[in-house]
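Take a look at the structure set out below.
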Amino acid sequence: MKRILVTVCSVLILAFGNKSLAAEPFEAEVEARQAFMQVLKFNLGILGDMAKGNREYDAKLAEALAKNIHAASQMNNGAMWPVGSDNSNSAISTNAKPEAWSQYPKVAEKHGIWIEASGALALNAGNGLSELQKNIGAVGKSCQGCHKLVKADD
Ligand code: HEC
């Protein structure tokens, strides 16, 4: 009896395990990269509110958030972007256009612009509101620059 129960449980676990894996191709990768982007938006959003005067400028927080964005720009996230995980496959809930792969040298260039702009922001965001204001625009533009090329709803 015990053995049967164990077997039934294993079969159930296997069935569920397979089901969640088969639910959507590249589900984990797409979830991870969208969550990564949300983290960027969260950090940049607070900085944007400070820059616009919608939130009190806080030098330490501004520096920390800007450094987060710069650190994120330097992560090697290649594993989140497997070939074939673009929106030409209707089974995948992604806004990543095939251009993210087919235009790769251009995408790498956009990525480079983001690394550079966020580096300048990381160095300056903690040096006063006007320095934050001077350097945040280029970061926002670097996000948009890539989105225009590779993100479907932009
Ligand atoms: C190198 C290209 C690139 C750069 C740079 C980039 N993004 Fe994205 N972003 C994408 C792609 C591609 C998607 C679509 C991902 C998907 O749906 O699988 C995306 C999606 C998003 C999303 C939507 C996520 C969701 O929940 O669906 C947000 C928000 C976002 N990006 C914010 C940012 C911010 C903020 C920056 C800059 C600090 C940034 N991105 C920089 C390529 C980029």
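All of the numbers you see were taken from the coordinates with simple rules; none came from a lab. Just so it is clear, the model here is predicted, and its values are computed rather than measured. All Cβ positions, even for glycine, are placed from backbone atoms using ideal geometry, and neighbour counts span all protein chains on display.
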Check: What list do you get for Trp114, Trp101, Trp81 if you sort them by fewest beta carbons within 10 Å?
Finding: Trp101, Trp81, Trp114
Checklist line | Pairs beyond 22 Å (Cα-Cα), from Lys52/Lys148; Lys60/Lys148; Lys41/Lys67; Lys41/Lys134 | finding: Lys52/Lys148; Lys60/Lys148
Check: Which ordering of Val39, Val107, Val30 is given by a fewest-first count of other beta-carbon atoms within 10 Å?
Finding: Val39, Val107, Val30
Check: Between the helical axis of 104-124 and the dominant principal axis of the chain, each derived from Cα atoms, what acute angle in degrees is found, rounded to the nearest 10?
Finding: 50 degrees
Note to self: Please state the shape class of the chain: rounded when a/c is under 1.5, otherwise prolate if a/b exceeds b/c and oblate if not, all from the C-alpha gyration tensor.
What the structure shows: prolate
Margin query: 7 Å from Cα along Cα→Cβ at both His147 and Glu24: what's the point-to-point distance in nm?
Written below: 1.9 nm
Notebook entry, point to check: Hey, with R₀ at 22 Å, roughly what FRET efficiency would Ser90 and Phe42 work out to, going by the Cβ-Cβ distance, to 0.05?
Noted result: 0.15
Item checked: Fewest-first sequence of Met75, Met50 by Cβ atoms within 10 Å of each Cβ -> Met75, Met50
Notebook entry, point to check: Which whole-number percentage describes the relative contact order of the chain, with Cα contacts under 8 Å and a sequence gap of 6 or more?
Noted result: 26 percent
Notebook entry, point to check: In nanometres, what is the gap between the two model label sites at Leu61 and Asp154, each 7 Å from Cα along Cα-to-Cβ?
Noted result: 2.6 nm
Next item on the list: First check a/c for region 55-110, with a ≥ b ≥ c the square roots of the eigenvalues of its C-alpha gyration tensor; if it is under 1.5, answer rounded, and if not, answer prolate when a/b is larger than b/c or oblate otherwise.
Entry: prolate
